[in-house]
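Each remark here refers to the structure printed beneath this line.
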Amino acid sequence: MDQEFWKNSNLEAELARAKAMLDTPEGQALLAALGRDGGKALADAGKRLRASDPAGAISALEKVLTPQERATLDRASENAPWKI
């Protein structure tokens with residue numbers, strides 16, 4: 001990506017927030033859940049996000065996350081539910 005994107009984005013702060021969440025017991029449980037199918041749903045969600053298909057990404061993740069896991073993500077998000 002070009003320098004201008006990085007200069008104007010808050011990606012570094014977002015990555016730090018994500019790391020902090022993933023370092024919690026809940027985050028570790030989330031990572032385990034996303035790996036239940038060998039990471040296929042997570043890879044599919046990433047592919048769909050890169051293709052500007054957030055609804056498809058959500059659909060991919062819903063296949064492996066339980067309602068309780070999705071609720072944990074809702075609580076972990078400051079601005080909006082886990083929905084992308």
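The values are calculated or read from the model by the stated rules, or taken from the named source; none is laboratory data. What you see is a predicted model, and the numbers here were worked out from it, not measured in a lab. Note that each Cβ is placed from the backbone with ideal geometry, even for glycine, and that neighbours are counted across all protein chains shown. For accessibility, only protein heavy atoms count, side chains too; no ligands or nucleic acids. Shrake-Rupley method; radii C 1.70, N 1.55, O 1.52, S 1.80 Å.
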Within the range 40-77, track down each residue that is at pLDDT 85 or above and basic (Lys, Arg).
Lys40, Lys47, Arg48, Arg50, Lys63
Any hit, the range 6-17, residues being under 18 Å from Arg75 (Cβ atoms), modelled with pLDDT of 80 or more, open to solvent by less than 100 Å² (accessible area, probe 1.4 Å) and part of a helix (DSSP H, G or I):
yes
Of the residues in the range 36-76, how many are of a type in the set (Gly, Ala, Ser), open to solvent by 40 Å² or more (accessible area, probe 1.4 Å), free of Cβ contacts under 8 Å to residues at least 12 places away in the same chain and within 22 Å of Glu14 (Cβ to Cβ)?
4
